[in-house]
Ligand SMILES: [Zn+2]
Ligand SMILES: [Zn+2]
Ligand SMILES: [Zn+2]
Ligand SMILES: [Zn+2]
């Protein structure tokens, strides 16, 4: 017979799920990859798989009442952090809620439409990888117009300055210009477009930044740039560009920003929920997507987490910590000890801020 105090021992130290049997908690820990990098409630310290579930916990239809009460007076609905007083919250919110990139900035770009190309090379100091964000606009090809063909591409740096922006000359005939969502008409492609081959070369040069592709390594400082975007797989496919996956930060596939472990959030939603503004309706310029993804990336990179020496479950030093311990040894550990040896199954972007 379990005593109430014993049932308490079978509570996961991260997500607070309770288990009748200790072996079920051990099994749960093996599969859940809890870590210090998960979005966490700063009041009760519950770990959540995503910011969506943390939001539910704080302000969902069935929130945890104690946390909800405090969050209501001094919690930021955008970044979900909690402040000491309503006053510090207000000061914070002025910086936390962003505005969409200003209109005149975008209009100025329209004036020198076509190719904008402003690549600054850095002086080769060892420092963290710089990031660039990329977004495309696709028109339709194929007999029914459903084949995605890149017609426009934009890249920006961390300061939201455009590094490269151009119309792309399609290699296949366009059967649907999707004018409503792309703003790309035949006249633009005729008068301003760059051949795909040239676009690929340009983008590859920006990404590699003078480093040969085969030399790019994860983690260590280097000149190659981290590529940020939303749904980059599709974009890179239509551009026919390859880039090492460990250099890619995709806001569509980053577990803390996903709706569920399988479902992606739209960029429109993420911008509204986590940056606090709307991507202009009918926005046809990929620049705004670049800015939104770059801002999301910077916010995620700026998270302050305690960083373990080997933060990933897949790091060879960890060899999946739960496998090396015998079942009976794990069953004797406290829930906190189990959490201590548990590591993340995804790469937290806060690790990018680490100087190597
Ligand atoms: Zn748990
Ligand atoms: Zn982290
Ligand atoms: Zn809480
Ligand atoms: Zn905030």
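The values are calculated or read from the model by the stated rules, or taken from the named source; none is laboratory data. This one's a predicted model, so the numbers in the text were calculated from it and none came from an experiment. FYI the Cβ positions are ideal-geometry reconstructions off the backbone, even for glycines, and counts take in every protein chain you see.
When the residues of region 42-71 are filtered to those that are more than 16 Å from ligand 2 (Cβ to nearest atom) and in a loop (DSSP other than H, G, I, E, B), which remaining residue is farthest from residue 324 (Cα to Cα)?
61
Out of region 198-235, which residues are touching a helix residue (DSSP H, G or I) at 6+ places or on another chain (Cβ under 9 Å), crowded, with 18+ Cβ neighbours inside 10 Å and not in a helix (DSSP H, G or I)?
216, 222, 223, 224, 225, 226, 227, 228, 229, 230, 231
Pick out, from region 127-176, the strands (runs of 3 or more DSSP E) lying fully within it that include 2 or more residues that are under 24 Å from residue 208 (Cβ atoms) and over 29 Å from the mean Cα position of the chain (by Cα).
Passing ranges: none, list empty.
Given the structure, is residue 50 away from ligand 3 (no atom under 14 Å from the Cβ) and within 20 Å of the chain's Cα centre (by Cα)? Can you show your working first?
Numbers: away from ligand 3 (no atom under 14 Å from the Cβ): yes; within 20 Å of the chain's Cα centre (by Cα): yes.
So residue 50 fits the description; yes.
Please specify each residue of region 180-197 satisfying the condition of being assigned to a helix (DSSP H, G or I), under 27 Å from residue 294 (Cβ atoms) and at pLDDT below 90.
Selection gives 180, 181, 182, 188, 189, 192.
Checking the conditions here, which among 243, 177 is modelled with pLDDT of 90 or more, in contact with a helix residue (DSSP H, G or I) (Cβ under 8 Å, 6 or more places away or on another chain) and surrounded by 15 or more Cβ atoms within 10 Å (Cβ to Cβ)? Give the derivation first.
Numbers: 177 fails: modelled with pLDDT of 90 or more.
Step by step, each of 243, 177 is checked, and only 243 is modelled with pLDDT of 90 or more, in contact with a helix residue (DSSP H, G or I) (Cβ under 8 Å, 6 or more places away or on another chain) and surrounded by 15 or more Cβ atoms within 10 Å (Cβ to Cβ).
Being surrounded by fewer than 19 Cβ atoms within 10 Å (Cβ to Cβ) and within 16 Å of ligand 1 (Cβ to nearest atom) narrows it down to one residue among 87, 57, 34, 45; which is it? Full working, then the answer.
Numbers: 87 fails: within 16 Å of ligand 1 (Cβ to nearest atom); 57 fails: surrounded by fewer than 19 Cβ atoms within 10 Å (Cβ to Cβ); 34 fails: surrounded by fewer than 19 Cβ atoms within 10 Å (Cβ to Cβ).
From the options 87, 57, 34, 45, the qualifying one is 45.
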